[in-house]
Every structure is written in C-alpha cells, then in structure tokens.
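This report concerns only the one structure given below.
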Amino acid sequence: MTKRVKSAMMRYGLGLAAFALTILIAIIFRRYSIRIDLSLLVILVLIGVSWYGGKGPGLMVLILVELTTIANALLGRATQPITTRYIVTQFNVMLLFVLLIVLTAGRRENERRLREQREWLQLTLSSIGIAVIATDLEGKINFVNPAAAATTGWAQSQAVGHSLDEVFQIVDEESHQRIVVSVSKAGSFDAPPSRSGYRAETAHEEKAKNLILVSQDGAKRPVDYSIAPISNRAGKITGAVLVFRDITERKRAEEALRESEERYRIVAETATDVIITIDEESRILFVNRAVDKVFGYSSQELLGQQLTILMPEYLRQVHRAGIKRYLDTGERHITWEGVELPGLHKTGKEISLEISFAEFIKEGHQFFIGVIRDVTDRKRAEEALRIKNEEMVAMSQQLWQAAKLATMGELAASIAHELNNPLSSVSLRVESLLEEVPPASPQYQDLQIIEQELERMSDLVANLLQFVRRSHTQISTLDLREEINNTLQLIDNHLRNRRITVVREFASEVPMIHADRQQLRQLLLNLISNASDAMPEGGTLTISLRVVNREGEKNVSLEIADSGCGISPEDMPRLMEPFYTTKPEGKGTGLGLSICRRIIQDHKGEIDIMSEAGRGTTVRITLPVNGRGNGEFV
C-alpha cells in the first residue's frame with residue numbers, strides 16, 4: 001500500500017470519526033433534553049475536517065450531515081408533510097457549507113504548499129555547497145545554511161539574530177584593512193552597486209581584489225561573495241541574501257597555474273630550441289626568442305603570421321594539405337617526433353631542422369606546439385665524419401692490400417727465382433734441338449710448341465717480378481696522344497685480326513704530362529689488351545682524351561671503352577685484387593689491373609671502371625698535369 005493511499009485513508013477516516021462524534025453529541029443532547037443549536041457544532045466539524053483532511057473528507061461529512069438531517073426530518077415529522085420550502089432551505093444551507101469547505105480547504109492547501117516550498121527551499125539551501133546567509137533590513141541574520149556555518153565557524157543557531165558584520169568578517173589580503181558589508185535600509189539598494197551586485201560601506205572596497213574571511217576561531221580563508229536584496233510580492237525590500245564561497249582550492253589552482261605558466265615562460269624563453277604554438281589555421285600564436293637565432297626573425301615579426309613563412313616554397317602546399325587532412329581525419333602525414341625537415345631562414349637560405357610536434361585542445365579548438373632545433377652544424381659534422389670514415393675505410397683497405405701484396409710479393413719473388421733457372425736451362429736446350437732438328441720433321445713442331453709455352457712461363461715470371469718490385473722510375477715530359485698511337489701501332493696486327501675498329505676521340509689541345517714512359521706504355525698495353533680480349537667476335541675500341549678540372553686543378557682524362565661482353569656486378573668489387581681474373585682458365589694471370597692501378601697511383605692519378613654486362617666496359621684514367629713547365633699544349 002502506497003504512502004499516498006494511506007494518507008487518503010487517514011483523512012477520510014478522520015472525516016467519518018468527526019461525523020460519528022457529531023451524531024453522538026446530538027443524540028446525547030436530545031436524550032437529556034438539552035436545547036442547543038447544533039448548527040454551530042456542524043460548522044466547526046466541517047471547518048476542522050476540511051482544514052486537516054481537505055475538500056474530499058469535508059464534502060463527505062457535509063453529505064452525511066445533510067442526509068442525516070433529511071432522514072431525521074422524514075422520521076420525526078411523519079404526521080406533518082415536508083414542504084418544498086424546507087427542502088430548498090436545506091439545499092441552500094448545503095451550498096453554503098460547500099462554499100465554506102472549498103474556501104477552508106483551499107486556504108489550507110495554499111498554506112501547505114507554501115510550507116512545503118519553504119521547507120524545500122530551506123532544504124535546498126542547506127544542501128548546496130555554497131554558503132548562504134539571509135538577513136532582515138536591519139542586517140540581523142535570520143537564516144544560515146550549513147555551508148555558511150562551516151565557513152564562518154558560527155553554528156546555525158548561534159549565528160541567527162547576530163548582525164551580518166559580526167558573522168561575516170572580511171579583510172583585504174594585501175592591506176589587511178577591514179571591509180564592512182552592511183545591509184542598508186529599505187530603498188538604498190537603488191544606489192548602483194560597487195562590485196558584483198553588492199554595496200559595501202567602505203572607501204577601501206573599490207581597491208579590494210583578494211578578500212579574506214576571518215572565521216570565529218580566527219582561521220583565514222579566501223572568499224568570493226555577492227549580496228542582493230530580498231523583495232516580497234509587492235516589490236518591497238524585506239532583507240538581503242549574501243552568497244559566498246571558500247575559494248582556497250581555486251586560489252591554489254590559480255597559483256599552481258600561474259607558477260606553471262611562469263616556469264613554462266622561463267623555460268621557453270631561455271631554451272636554445274625554437275618553441276612555437278600555432279592554431280588550426282597554422283597562425284603563429286607564440287614563439288620564443290630563440291627564433292631570432294635560428295630563423296633570423298624576431299618574435300614580434302612572426303606573431304599572427306602563417307607557419308609556412310618558415311618553410312621553403314615547395315613544402316608549403318604539402319603542409320597545408322597535411323594539416324587539413326589531420327584535422328579532418330586524424331591521419332598524420334609525417335611522424336611527429338624528431339622528424340628532419342628543411343626550413344627557410346629570413347635571408348632565403350635553407351637550413352636543416354629537427355622538429356617534434358604535440359597538440360592540445362582548448363575550448364573545443366586544436367592547437368599545436370612545435371620544438372624546432374637547428375641541426376645544420378650537426379649535419380655538417382655528420383657529413384665530415386662520414387667522409388673521414390670513408391677515408392679511414394679506404395686507408396684500412398689500402399693498408400690491408402699493401403700487407404697482402406707484401407706477403408704475396410715475397411712468395412712471388414721466391415717462386416720466380418726458383419723457376420728462372422730451370423726455365424733458362426730448358427729454353428737453351430730447346431733452342432739447340434730446334435737447330436739440330438730439320439723443320440720438316442714432326443718433332444720440330446712439337447719443339448716450337450714447347451718453346452712458346454716456355455716463353456709464356458717466362459712472361460708470367462717477369463710479370464710476377466714486376467708486380468712485386470718497384471723499379472726506379474724515369475720521369476719525362478710526354479705527349480699522351482703520341483704514346484697512345486705508338487701502343488696502337490704496336491698491336492695493330494692483333495687488333496685487325498680480331499676485327500676490332502679503333503676510334504680516336506682526342507681533344508684539340510691536350511697538355512703534356514710528366515710520366516714514366518715504360519710504365520705508361522705498359523699501362524696502355526694492358527688496358528687495350530683487356531679490351532681486345534673482351535671482344536673475341538670483333539667490335540669497336542674507343543679511346544677518348546680530354547682536359548678536365550678536378551678540385552681547381554687541371555687533369556687529363558683518358559677513357560678506353562669497348563663494346564664487348566661487359567663485367568657482371570658480382571665481379572666488379574674484386575677486379576683490382578691480385579690474381580683475380582674474369583678470363584677463361586689459362587688466359588690471364590689476374591695481375592694486369594693490379595699493376596695498372598699501382599702505376600696510376602705512383603703517378604698520383606685515379607682509375608675508375610664502369611661496366612654493364614652485355615653492354616661493354618669503360619676504363620677512365622685521370623692523370624694530373626703537374627706544374628713547373630708541364631701543361632704546355634701540344
């Protein structure tokens with residue numbers, strides 16, 4: 001059974017009990033012949049039931065009373081007929097009683113609602129965390145909610161009846177002067193409020209920014225408050241309501257925020273990296289002083305500018321498209337941590353930057369913070385270190401090659417010495433036999449083959465000895481074109497037999513060079529022979545000669561290109577290794593290019609080999625044109 005049903009049953013039960021009590025009193029009075037007008041008793045019962053029970057129970061009792069009266073009239077006046085006037089009179093009386101019940105119940109309902117509203121308002125004010133104090137026009141407190149009691153240190157019952165300035169004592173935090181908040185007489189609220197809708201009767205109040213509430217026990221806490229008049233329905237001011245709150249936590253948060261902002265400002269302004277903040281439209285909202293050192297702009301010059309002012313032209317559209325895509329989809333087009341990008345100095349010079357980004361959202365808008373570091377010097381140092389490392393690797397390889405060649409040289413010298421003596425003896429014996437055997441004899445051809453093989457072995461031993469020995473060089477002034485022509489003339493028959501066409505592409509003016517003639521001829525002979533071996537079915541041998549500048553110095557560039565089978569990528573790294581050859585077994589010793597490289601290094605030159613399998617090989621040799629008489633054009 002609900003609470004509402006129980007309440008209705010109680011109210012209607014009260015009405016029945018009141019009706020029964022009225023009938024009982026009427027019976028007692030009649031039994032003892034007490035003459036009294038019962039109309040007054042009925043009126044009092046109806047008012048009471050309507051007041052406490054409401055309109056429903058009041059009307060119920062009225063109907064029961066009227067039915068009882070009519071029944072009594074019917075039973076008591078059986079000998080006398082009931083007239084129409086009597087019925088009309090009773091009906092009018094009933095209407096009057098109905099009106100009385102409605103008025104009584106309506107007033108009672110209004111008072112109940114007003115009481116409930118007051119209770120609800122008081123409960124609400126007691127439940128909220130904001131402190132509330134209400135006063136009359138004299139400034140006497142008539143209400144204090146629990147929050148106000150806790151903040152001021154006054155108990156609710158203790159504070160009621162005291163003046164507002166006794167309970168609510170505030171001072172200025174900076175000057176410590178007392179600020180009296182007084183409720184003025186009725187009508188004084190028409191004066192314009194001095195701050196936040198209240199009027200404070202002190203000249204110092206206008207300067208008060210930080211207010212301190214001194215509670216009853218002497219504790220101090222920062223507060224913020226406002227005061228407003230209370231008016232009745234007629235518009236007459238009957239008092240005032242003071243609303244205030246303890247802002248200790250807010251002050252702590254504000255102080256922490258202020259300290260945090262100050263720390264951020266100090267860090268940002270003293271940082272050597274550029275710290276920059278932009279909005280969704282890439283407008284620069286903040287930039288620290290380091291931007292002057294990195295980009296050449298002052299902070300004031302960049303505020304409000306587009307971030308693209310710090311980017312090369314070719315990156316600006318990429319940035320706009322990237323930030324639009326991120327705002328639309330959340331997709332990043334680059335990493336946000338330590339990305340290396342080019343920047344644009346105020347002078348128009350590109351600089352190398354390392355950039356990290358972060359974002360934050362404030363009031364529904366996205367903002368971005370970038371930390372930018374100029375790494376131009378670091379990139380230069382890294383490049384210099386890379387070059388040094390390459391030089392160290394090359395030097396290490398050279399040292400390793402030199403050590404390997406020294407070891408191989410000792411071995412080759414020993415082998416050559418041991419082979420020379422028996423080869424000389426055999427060679428002499430074959431020459432004697434060739435003189436003794438008739439040319440038409442079958443043995444003569446066999447002896448010729450033996451002689452040829454002996455010559456090949458002698459050449460191999462000679463190459464070994466030349467590879468391991470550095471003979472005394474004889475430097476002279478040479479015409480490189482003349483040396484090339486002499487070498488080609490030397491092997492002209494060999495080239496024609498191979499069906500190889502020679503193309504000469506010599507510059508009109510080629511300076512003389514200083515070189516060892518014998519070594520230079522051996523160099524040319526080895527390279528041209530290698531090119532010839534790469535074209536067993538014939539082809540074109542192109543020899544180019546021109547003047548080039550390297551690092552500000554004049555050099556002669558010689559290129560020997562064939563149209564042969566080329567060299568596979570797997571063989572390219574090992575071409576200069578001693579005893580490594582790409583020719584068929586028995587066709588080469590693997591020392592030719594090693595000897596060529598050594599000759600070129602002795603002449604302070606460089607050698608480069610470029611080849612592609614099936615498309616020929618080009619060997620480029622660069623030799624310096626030394627001064628002091630060299631460099632005369634021929």
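The values are calculated or read from the model by the stated rules, or taken from the named source; none is laboratory data. Quick caveat, the model's predicted, so the values are computed rather than measured. Backbone-built Cβ (ideal geometry, glycine too); neighbour counts: all protein chains shown. These accessible areas exclude ligands, DNA and RNA; they are computed on the full protein's heavy atoms, side chains included. Shrake-Rupley method; radii C 1.70, N 1.55, O 1.52, S 1.80 Å.
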Residue-wise, which Karplus ³J(HN,Hα) couplings in Hz belong to region 235-245, taking 6.51 cos²θ - 1.76 cosθ + 1.60, θ = phi - 60°, and x for glycine or proline?
x, 7, 6, 10, x, 8, 10, 10, 10, 8, 8
Taking all protein chains together and a probe of 1.4 Å, list 501, 248, 135 from the most accessible to the least accessible.
501, 248, 135
How many angstrom lie between the C-alpha centres of region 273-299 and region 239-254?
39 Å
For residue 236, the aspartates and glutamates lying under 19 Å Cα to Cα, once residues fewer than eight places off in the same chain are dropped, come out as 136, 138, 190
The long-range amide H neighbours of residue 506, using H built 1.01 Å from N in the peptide plane and a cut-off of under 5 Å, are 545
Expressed in nm², what is the orientationally averaged projection area of the convex hull enclosing the Cα positions of region 225-308?
10.2 nm²
Go through region 538-550 residue by residue and turn each phi into a ³J(HN,Hα) via Karplus (6.51, -1.76, 1.60, θ = phi - 60°); whole Hz please, and just put x for glycine and proline.
x, x, 10, 10, 10, 10, 10, 9, 8, 9, 10, 10, 10
Under 15 Å from residue 346, Cα to Cα: aspartates and glutamates that are on another chain or at least 8 residues apart:
292, 301, 313, 374
Please say if region 215-269 is rounded, prolate or oblate, where rounded means a/c under 1.5 for a ≥ b ≥ c the square roots of the C-alpha gyration tensor eigenvalues, and otherwise the choice is prolate for a/b larger than b/c and oblate otherwise?
oblate
List, in order, the whole-Hz ³J(HN,Hα) value for each residue of region 375-382 obtained from phi through the Karplus relation with A = 6.51, B = -1.76, C = 1.60 and θ = phi - 60°; use x for Gly and Pro.
10, 4, 5, 5, 5, 5, 5, 5
Once the whole set of protein chains is in place, how much accessible area is left on residue 346, using a 1.4 Å probe, in Å² to the nearest 10?
100 Å²
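How far, in nm, would the chain grow between residue 230 and residue 30 when pulled straight, counting 0.36 nm per residue and subtracting the alpha carbon separation? Provide the component values of the computation, followed by the final result.
Working: separation 200, 0.36 × 200 = 72.00 nm, distance 5.81 nm.
Length gained between residue 230 and residue 30: 66.2 nm.
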What do you reckon, how do 326, 444, 314 stack up by accessible area (1.4 Å probe), largest on top?
314, 444, 326
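With +1 on the Cβ of every Lys and Arg and -1 on the Cβ of every Asp and Glu, and nothing else charged, how large is the dipole of region 246-362 about its Cα centre, in debye rounded to the nearest 20? Spell out each step's value before the answer.
Details: 17 positive and 22 negative charges, 55 e Å.
Once rounded to the nearest 20, the dipole reads 260 debye.
Using the structure shown, select from 251/362; 293/554; 220/362; 324/349 the pairs with a Cα to Cα distance greater than 31 angstrom.
Long pairs (Cα-Cα over 31 Å): 293/554; 220/362.
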Give the span of region 260-361's Cα atoms along each principal axis, as three whole-Å numbers ordered largest to smallest.
35, 35, 25
